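The values are calculated or read from the model by the stated rules, or taken from the named source; none is laboratory data. What you see is a predicted model, and the numbers here were worked out from it, not measured in a lab. Cβ: placed from backbone, ideal geometry, glycine included. Neighbour counts: every protein chain shown. These area figures cover heavy atoms from the full protein model, side chains too; ligands, DNA and RNA do not enter into them. Shrake-Rupley method; radii C 1.70, N 1.55, O 1.52, S 1.80 Å.
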Amino acid sequence: MKSYSIFILSIICLFLSCAKKTTVQMIETPTPPRPAGQTDVLQLATDPLPVVRVAFIGLGMRGPDAVERMTHIDGVQIVALCDVEKDRVESANQILEKRGFPKAKEFYGDEEVWRKVTALPDVDLIYVATDWKHHAMIGIQAMKDGKHVAIEVPAANTMEEIWDLINTSEQTRKHCMQLENCVYDFFELTTLNMVQQGLFGDIIHGEGAYIHGLQPFWDRYWHNWRMDFNRKHRGDVYPTHGLVPVCLAMNIHRGDKLNYLVSVDTKPIGNPAYIKEKTGETVTDFRNGDHTCTLIATEKGKSILIEHNVTSPRPYNRMYQLTGTKGFANKYPVEGFALDKEEIGNEIAAGYQNLTAHEFVPDTVRELLMQKYKHPIAVAIEEKAKEVGGHGGMDFIMDYRLIHCLQKGLPLDMDVYDLAESCCLVPLTEISLDHNSMPVQIPDFTRGAWNKLSKLTFAE
């Protein structure tokens, strides 16, 4: 553990020394010009949809749970269900029947059947929960067919897919939201509220991760698609859970922007060993290392560390840390806040004489802070979210907010640029690693509008 900490520290020192230079040699990432007549979709608001007609495409691991959650939201009609496998579609329809909903239209049979669903005239929202390969292509076509789209993570895997999603959203004026549920976890929401109320001062560093041994899950992925993706690609192939909550707290493309990244990784050991154990195959062409670390620099001199590991014997960890000029928040492995007494306030800190930001506040103080700064979204829906569930309730809050904003004609909590900023790590970390960890430029996906907004806001 000590040697690993020294390794991370050395990488951070190298990164910061590069950041101090007036010019940083890096691999440039081209930004295509915005087509004529096309404008950004920051704060995009569309006509209200009092009843949101939803079609689900992809009913494997995540789709069925999403179908069930949507039945708990007023003003939702589930009109179509689609998957390659017939039994999955029929099973999802049974969920609707048990909940007292009418059966939805069924589509199944091959990998192209989804095209019939995006073309349906009686659909407002396409909810995409397929394998990663199909995420972007379905989202793009759905918007071209006049539908709003919500896409599971990661919503895109290549720069071409990312720019196509952005351009299609801007051209069609349709919402394109990535279904990043971790934004809506209760600790993340509360911490975001504390950040926006100034308790931590200026957030200067953030950390996030996806550290989750997938050995119990690999064989659940249709035709082994997720392991195959890791076998063929190097880098952080699943960055969004760790990155998006940090970016929102840092107001990325709302007054700051991501500038460049540097990635390092270990050699691949765990996943080739897993394949050998399960199939007998000796793998010599596995691309993705066991552990990947990516450091990101922002325009305003802030830093972000993102890690990926789906094979090592470690407890589940999304990290989620925020370092501010006045305090610190940490979720894994222990939830806690580190704040000076004057930042906490006498209302909560009374009776605690020695509170400093150099250690976590006592559990009782943490609980009082969690209550006082509970995000308004959580206040409104927490009880029902915990009852319905979905990773402790955050999945339901995500779906609820999506539908709420569509029904009211409000901007969504996350836009297509949030999608782009997190998904771009998939291709760009691979480029960095394949070039001996050279810095790689991160495009301004808003094409010049990154400081048009002053901060993140969730519409009410």
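Before moving on, here are some points about what is shown:
- Any hit, the range 268-276, residues being within 30 Å of THR323 (Cβ to Cβ) and basic (Lys, Arg): no
- Here is the figure for the range 201-235: residues that are of a type in the set (Gly, Ala, Ser), open to solvent by 10 Å² or more (accessible area, probe 1.4 Å) and either closer than 30 Å to THR457 by Cα or without any contact (Cβ under 8 Å) to a residue 24 or more places away in the chain (or both) total 1.
- Looking across the range 23-48, the residues that are crowded, with 18+ Cβ neighbours inside 10 Å and either over 23 Å from ARG254 (Cβ atoms) or in contact with a helix residue (DSSP H, G or I) (Cβ under 6 Å, 6 or more places away or on another chain) (or both) come down to MET26, VAL41.
- Unmet requirement for LEU214, which otherwise passes all of (1) part of a strand (DSSP E or B); (2) within 20 Å of the chain's Cα centre (by Cα): (1)
- Within the range 425-441, the only residue that satisfies the criterion of being out of contact with any Ser or Thr (no Cβ under 7 Å at 6 or more places or on another chain) and open to solvent by less than 10 Å² (accessible area, probe 1.4 Å) is VAL426.
- Residue match in the range 282-294 (condition: in contact with a Pro (Cβ under 7 Å, 6 or more places away or on another chain), of a type in the set (Phe, Trp, Tyr) and at negative phi): yes
- Against the conditions (1) part of a helix (DSSP H, G or I); (2) under 23 Å from ASP418 (Cβ atoms); (3) open to solvent by less than 10 Å² (accessible area, probe 1.4 Å), TYR238 satisfies every one except (1).
- So PHE7, is it in a helix (DSSP H, G or I) and either farther than 28 Å from TRP132 by Cβ or modelled with pLDDT of 95 or more (or both): yes
- Note on the range 290-378: enclosed helices (runs of 4 or more DSSP H) holding 2 or more residues that are modelled with pLDDT of 95 or more and in contact with a Ser or Thr (Cβ under 9 Å, 6 or more places away or on another chain) are 363-372.
- Selection from the range 151-198 of residues that are more than 21 Å from ARG34 (Cα to Cα) and over 18 Å from the mean Cα position of the chain (by Cα): ASN193, MET194, VAL195, GLN196, GLN197, GLY198
- Filtered residues of the range 407-416 (kept if more than 12 Å from the chain's Cα centre (by Cα) and buried (at least 24 other Cβ atoms within 10 Å of the Cβ)): LEU412
- Meets criteria (farther than 27 Å from ILE151 by Cα and not hydroxyl-bearing (Ser, Thr, Tyr)) for GLY289: no
- Residues in the range 350-383 that are closer than 26 Å to ASP399 by Cα and either of a type in the set (Lys, Arg) or more than 30 Å from the chain's Cα centre (by Cα) (or both): LYS372, LYS374.
- Considered as a group, the residues in the range 340-364 that are in contact (Cβ under 8 Å) with a residue 12 or more places away in the chain and closer than 15 Å to PHE187 by Cβ include one that is most open to solvent (accessible area, probe 1.4 Å), and that residue is PHE360.
For (1) of a type in the set (A, V, I, L, M, F, W, C); (2) touching a strand residue (DSSP E or B) at 6+ places or on another chain (Cβ under 8 Å), each residue gets a yes or a no:
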position	(1), (2)
THR284	no, no
LYS302	no, yes
ILE306	yes, yes
PRO313	no, no
GLY327	no, yes
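- Against the numbered list (1) under 29 Å from the mean Cα position of the chain (by Cα); (2) open to solvent by 70 Å² or more (accessible area, probe 1.4 Å); (3) farther than 18 Å from ARG53 by Cα, ASP74 comes up short only at (3).
- Unique match (being open to solvent by 10 Å² or more (accessible area, probe 1.4 Å) and without any contact (Cβ under 8 Å) to a residue 12 or more places away in the chain) among LYS103, LYS133: LYS103
- Residue among PRO268, PRO272 that alone is assigned to a loop (DSSP other than H, G, I, E, B), farther than 14 Å from SER303 by Cβ and open to solvent by 10 Å² or more (accessible area, probe 1.4 Å): PRO268
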